[in-house]
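Worksheet: one structure, shown below.
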Amino acid sequence: MYRSIVLVKQVPDTANITGNVMQEDGTVNRAKLPAILNHEDRVALEVALRVKDRFGGTITVVTMGPPRASDILRECLYMGADHAVLISDRKFAGADTLATSYVLSEAVKRIGAYDIIFAGRQAIDGDTAQVGPQTAEKLGVPQVTYLEEIVDLQERTLTAKRKIEGGYEVVRAALPVLVTVLKDAAEPRPYSARRMMTYKGARTLMEIEKLTEGNPLLYADALRHEYESRDLFIDTLTMDDLKLDADRCGVHGSPTKVYKVESVVLAGGGHAIVEPTRDGIGALIDRLMEDHILG
Amino acid sequence: MTTTNGNDVWVFIEQRGGVPADVSFELLSKGRKLASAMGGRLTAVLFGNGIADVTREAFRHGADETLLADHPALRQYRTMPYSRLLTGLVRERQPRIVLFGATIIGRDLAPRVASATRSGLTADCTDLQIADVTYLRKTYPQLLLQIRPAFGGNIVATIITPDNPVQMATVREGVMEKHPLTEWTEGTVTPVPYTPESVDDLVAIVEQHREESRVNLKGASIIVAGGYGLGTRENFALVYDLAHALGAEVAGSRAAVDAGFIPPERQVGQTGVTVRPKLYIAIGISGAIQHRAGMQESNKIIAINSDPDAPIFSVSHYGIVGDAMEVVPKFIEAYKNKLK
């Protein structure tokens, strides 16, 4: 029996930028990108599910994000997570990796005892790979990053294969430990139809409050209890719930600031056009030989 | 006692099995410029066992001082002892800047140290500069501008760490240029004591397998690269044919790697290798920014593509619009004729 926590993130789907999100000036309209569960986090959940399938235990998924990040938590419930927690507060906006890891580590402490924390190696919107190690540091637990495979799990020891430069190494880690997984570590399972039927109705506190708005017959507290009793309540935590230090959250808690952003706009032209003929290519090769670029 | 080394630049020197990583010397060359711009010293931070010769290389690349921790327990990189040791040094000596390679080791170590010291950390910078900055109506002298592509490579962001004493950044291998100095002096080697603690052994290395890559894209003077536009593995053979004729190395875009045309260790781009050869020939590569980021510093670039609007032409010196299946054989034939 292992108690797992999986850290997940909702990200804009930057990998699939199609024509309709490109603006006329050649930049990307972020708002038009679909929001998805970061793929490596989905793989992390799959690895956690395999541990649960084999050894038993529980899986709690945790995300910090805006209210609509509840979408990815429901997806995690469809895959097989037991509990979901949304950490959401306007005061978390603009957090860099240090402020994010502070909030996540405090939320993990609040969730309670755990054996393994799983996370994707990095999220596709920032590609920093920093939040996993920073959360481990704040929790005072060791880390195994770039995980390719869990080789064995016995009692309080995890044996894992991780990528290193030019190869791999096998390490033995004492639990509790935080691992970050690579995309090839496991093929994520599809959603279970039965679980989808059940958990499509799972709601966060904000979503429940929205249901009661304008309906005098519904009371948020009563409704929340109903969702809780049917196991459809997505635990929702704010800065106050977690008793966090405001100076370490969001923009205030972020030492790094974005000073300037420039869209990448392609400069046209500038290159010499070479005709795709024998003569054209011949002349190019002459030129390169004269310049001692080709010998 | 805390000493403040207000303007010092540190570079973490990464070694694997006693062999220092190229990226560490690239960072020392960059760090030399940053330190000079701030009037500070450049310090190499080196952990390992029996690695004293590496210190000479560090001085040859501009370091004024090496902080050296030499202990059998530090022979191989492990997160816990390395991060504990480096965290202690940063707290005690307060450098202004700490640079790491954006390698697996650097990306494992840097966030751990940044978290413990509550420093700002920016990943995968493609350029670093020192400048006086006005941010939110306050003026900050000599800040580190940390420039990196963001948001899937569609924007370039400049990140600053205005209010924290220590600014940390990681940089990918091949992005900065290595400049060994012709005239250099042996600097100071400051031994750093290491006392084992039980937390250091929470993760133990059971075995390690490393294959020396025979691919040397970074050292190649000519690279012929193919992309997804070639369509099939059979067509991709043309890339090898041209490379063979020119005595060049073969490379590919991420799409070519994903399609199985070429092995991953030959990928050029933001998530692959950054190269700057004398000549780069891109065949059937559309030129997404992630690819361009890895090759646009090449001395001369030839693009061959059937789409005249392909972004690759924007970074090229010579553009050939046409079907690679016709253009490349002509290129090989013409080159062979010139050599006769």
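The values are calculated or read from the model by the stated rules, or taken from the named source; none is laboratory data. Owing to the predicted nature of the structure, the values given are computational and were not obtained by experimental measurement. Cβ sites come from the backbone with ideal geometry, for glycine too, and all protein chains shown count toward neighbours.
Kindly check whether there is at least one residue in segment B:214-222 that is within 13 Å of another protein chain (Cβ to nearest Cβ) and in contact (Cβ under 8 Å) with a residue 60 or more places away in the chain. No: segment B:214-222 contains no residue that is within 13 Å of another protein chain (Cβ to nearest Cβ) and in contact (Cβ under 8 Å) with a residue 60 or more places away in the chain. The strands (runs of 3 or more DSSP E) found entirely in segment B:1-97 that carry 1 or more residues being touching a Gly at 6+ places or on another chain (Cβ under 7 Å), modelled with pLDDT of 95 or more and over 30 Å from B:GLY219 (Cα atoms) are B:65-70.
The one condition from (1) within 14 Å of another protein chain (Cβ to nearest Cβ); (2) surrounded by fewer than 15 Cβ atoms within 10 Å (Cβ to Cβ) that A:ILE285 does not meet is (2).
Please verify whether A:VAL179 is assigned to a strand (DSSP E or B) and at pLDDT 95 or above, treating the condition exactly as stated. Taking the combined requirement at face value, the residue satisfies it.
Screening segment B:136-146 for residues that are within 12 Å of chain A (Cβ to nearest Cβ) and at pLDDT 95 or above and picking the one that is farthest from B:ALA37 (Cα to Cα) gives B:LYS138.
The rows are residues; the columns are (1) β-branched (Val, Ile, Thr); (2) closer than 16 Å to B:LEU86 by Cβ.
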site	(1), (2)
B:GLY17	no, no
B:SER24	no, yes
B:LEU27	no, yes
B:ALA37	no, no
B:THR43	yes, yes
B:LEU46	no, yes
B:THR55	yes, no
B:ARG60	no, no
B:LEU68	no, yes
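Tell me yes or no: at least one residue of segment B:173-193 is surrounded by 17 or more Cβ atoms within 10 Å (Cβ to Cβ), outside any strand (DSSP E or B) and facing chain A (nearest Cβ under 9 Å).
As a first pass, look at segment B:173-193 and keep what is surrounded by 17 or more Cβ atoms within 10 Å (Cβ to Cβ): B:173-176, B:187, B:189, B:192.
Still in the list and also outside any strand (DSSP E or B): B:173-176, B:187, B:192.
Restricting the remaining residues to those that are facing chain A (nearest Cβ under 9 Å) gives none.
Within segment B:173-193, none of the residues are surrounded by 17 or more Cβ atoms within 10 Å (Cβ to Cβ), outside any strand (DSSP E or B) and facing chain A (nearest Cβ under 9 Å).
Taking the conditions exactly as written (in contact with a strand residue (DSSP E or B) (Cβ under 6 Å, 6 or more places away or on another chain), among the aliphatic types (A, V, I, L, M) and closer than 23 Å to A:VAL131 by Cα), does B:ALA169 satisfy them or not? Yes: the conditions hold for B:ALA169. When you check B:THR66 against the structure, is it among the polar types (S, T, N, Q) and under 19 Å from B:HIS179 (Cα atoms), yes or no? Spelling it out, B:THR66 is indeed among the polar types (S, T, N, Q) and under 19 Å from B:HIS179 (Cα atoms). Look at (1) more than 10 Å from chain B (Cβ to nearest Cβ); (2) assigned to a strand (DSSP E or B); (3) more than 20 Å from the chain's Cα centre (by Cα) and you find that A:VAL171 fails only one, number (1).
A:ILE293 fulfils the conditions (1) surrounded by 13 or more Cβ atoms within 10 Å (Cβ to Cβ); (2) more than 8 Å from chain B (Cβ to nearest Cβ) except for a single criterion, (2).
For (1) within 12 Å of another protein chain (Cβ to nearest Cβ); (2) part of a helix (DSSP H, G or I); (3) surrounded by 12 or more Cβ atoms within 10 Å (Cβ to Cβ), each residue gets a yes or a no:
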| residue | (1), (2), (3) |
| --- | --- |
| B:ASP200 | yes, yes, yes |
| B:ILE205 | yes, no, yes |
| B:GLN208 | yes, no, yes |
| B:PHE236 | no, yes, yes |
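Within segment A:216-250, being on the phi > 0 side of the Ramachandran plot and surrounded by 12 or more Cβ atoms within 10 Å (Cβ to Cβ) holds for A:ASP231, A:GLY250.
Put simply, of A:THR212, A:THR159 the only residue that is out of contact with any strand residue (DSSP E or B) (no Cβ under 7 Å at 6 or more places or on another chain) and either within 14 Å of chain B (Cβ to nearest Cβ) or among the polar types (S, T, N, Q) (or both) is A:THR212.
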